[in-house]
Amino acid sequence: MRDYRYPKGADLEARVEGFFKWQNLRRQHGLWPFSRSTQESPSTVCAALDDAGGKINGVNFASQDYLSMSVSPVIKKVAQEVIEEFGVHSAGSAALLGNTHHSRLLEKKIAEFLGMPEAILFPTGWAAGYGVIKGLVRSTDHIVMDALAHTCLQEGASAATRNIYLFRHNQVAECRKWLEKIRAKDTENGIMVVTESLFSMDSDTPDIKALQELCDEFGATLMVDVAHDLGNLGHDGRGHIGMQDMLGKVDLVMGSFSKTFGSNGGFVACRNREIYEYLRFFSPPCTFSNALSPMQAATVLKAFEIIETTEGAELRNKLMTNILSLRKQLVEAGFEVYGDPSAIVCVKAGSEALARLVSRRLPEAGLIANLVEFPAVPKGQARFRMQVMANHTPQNIRDAVSRLKQAYDIGVAEFEALNEHTESEPLRKTA
Ligand SMILES: Cc1ncc(COP(=O)(O)O)c(C=O)c1O
């Protein structure tokens, strides 16, 4: 993919052809596992089509509906009632008439949930990540960012300033070095430190407390993206911010509704009304994009309410039981999994060629799981990202592991036949 990111040539349209040729070659060989479409609710078992029209049917570990909120009867009922009463559309952006009764309540709910004074909504999580950076950081300011931060954060940073310094993944000491260097020369401009509470390809977590302390020491502002753990991790669903006793203590918290809250949309929680109002009028995806529909805001609000009840705690327990069971069975089958237990279980594949061959065999084995390869992860570190849901059954998990193993064994045989003289990197440690 990276080869086609900066195509050369004066004709903007003609120069994209190379990508299509390469993509189509992969498609023709069944090696393009992207752009699939579900044929029914993307629940624990699901029918889908690949983008060449091939049918897939299997246990689904490619939905990011961690608490299975999207199929909750209560949430569906709220959606129906709100559509009936308010229709399906918001009037405009949140800067104009786009706020609704539901969006106002949702903002309050998120602020209260995070122990922060204010929260502002965005049309998507991506827009929130991009928008909080572009909204606050100017060209003379600095951004110090974890090298693996999500694309919305990287794009926001690139749009805001050229003064971007990456620190190695989760390396607080390296972050400190950058802050020291910047402050030694510049005490006039702002610094934003950007990270995630749970990294979506590695399932690991920074020391949020240490980063906030660093920011306080150097007069910087910490921004943490909590897209993947808010609502679903920790006894009360406050994710790593809660587990690290940082609730209400992080400068800026940004999140998404597309993982745990069964919808679309995002938010930024902040320390005061001044920041809230500034973002509303100076963060382009908030100011110039239509606000969440009443139905989206109302269902996300209901999801937050459920998350705070015993039902929410039970869903989190079910999810964690599933996560631990999947990780254990994968390891027993000889696979290696990344990071710490979370709803993201990434299985090591290594070589892209091998991973693509294994991925090609997943549909016929009856497993829907996403292949992740360079540049989303470093070269030679391809992996299968399995996303766990509360509603997965023990049988779904057993099926997933045995089907991955089945696909892997075929993929390895194919890989070895293609590369008679190349040693395949072992994906599974045992035979
Ligand atoms: C860490 C992170 N931040 C932000 C986003 C964007 O969220 P959304 O899907 O709501 O646009 C994602 C989604 O992929 C993500 O993984």
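Here are the numbers for this structure:
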quantity	calculated
Any pair with Cβ under 6 angstrom, 6 or more apart, that starts in the range 235-262 at a residue that is away from the ligand (no atom under 13 Å from the Cβ) and ends at one that is in a strand (DSSP E or B)	250/222; 250/224; 251/221; 251/222; 252/223; 252/270
In the range 48-61, the residues that are open to solvent by 30 Å² or more (accessible area, probe 1.4 Å) and of a type in the set (A, V, I, L, M)	49, 52
Of all residues making up the range 340-356, the number that are open to solvent by 10 Å² or more (accessible area, probe 1.4 Å) and touching a helix residue (DSSP H, G or I) at 6+ places or on another chain (Cβ under 7 Å)	2
So residue 333, is it in contact with a helix residue (DSSP H, G or I) (Cβ under 6 Å, 6 or more places away or on another chain) and open to solvent by less than 60 Å² (accessible area, probe 1.4 Å)	yes
Only listed residue being of a type outside the set (Gly, Ala, Ser), open to solvent by less than 10 Å² (accessible area, probe 1.4 Å) and within 19 Å of residue 152 (Cβ to Cβ), chosen from 307, 323, 241	241
Leading residue by the ranking (farthest from the ligand (Cβ to nearest atom)) among those in the range 219-233 that are touching a residue at least 40 places away in the same chain (Cβ under 8 Å) and either open to solvent by 20 Å² or more (accessible area, probe 1.4 Å) or over 16 Å from the mean Cα position of the chain (by Cα) (or both)	220
Subset of the range 250-281 (residues that are more than 21 Å from residue 212 (Cα to Cα) and part of a strand (DSSP E or B))	256, 266
Residue 266 within 12 Å of the ligand (Cβ to nearest atom) and in contact (Cβ under 8 Å) with a residue 60 or more places away in the chain	yes
Residue check for residue 300: part of a helix (DSSP H, G or I) and within 16 Å of the ligand (Cβ to nearest atom)	yes
Hey, residue 400 within 22 Å of the chain's Cα centre (by Cα), within 23 Å of residue 69 (Cβ to Cβ), modelled with pLDDT of 95 or more and part of a helix (DSSP H, G or I) or not	yes
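One line per residue, one yes/no per condition, for (1) within 16 Å of the ligand (Cβ to nearest atom); (2) polar (S, T, N, Q):
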| residue | (1), (2) |
| --- | --- |
| 47 | no, no |
| 57 | no, yes |
| 66 | yes, no |
| 69 | yes, no |
| 93 | no, yes |
| 98 | no, no |
| 124 | yes, yes |
| 146 | yes, no |
| 152 | yes, no |
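Matching residues to (1) more than 23 Å from residue 236 (Cα to Cα); (2) among the charged types (D, E, K, R):
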| residue | (1), (2) |
| --- | --- |
| 326 | no, no |
| 330 | yes, no |
| 333 | yes, no |
| 343 | no, no |
| 361 | yes, yes |
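The values are calculated or read from the model by the stated rules, or taken from the named source; none is laboratory data. Since the model is a prediction, treat every value here as computed from it, not as a measurement. Cβ coordinates were reconstructed from backbone atoms using ideal geometry, including for glycine residues, and neighbour counts include every protein chain displayed. Accessible surface areas use protein heavy atoms only, side chains included; no ligands, DNA or RNA. Shrake-Rupley method; radii C 1.70, N 1.55, O 1.52, S 1.80 Å.
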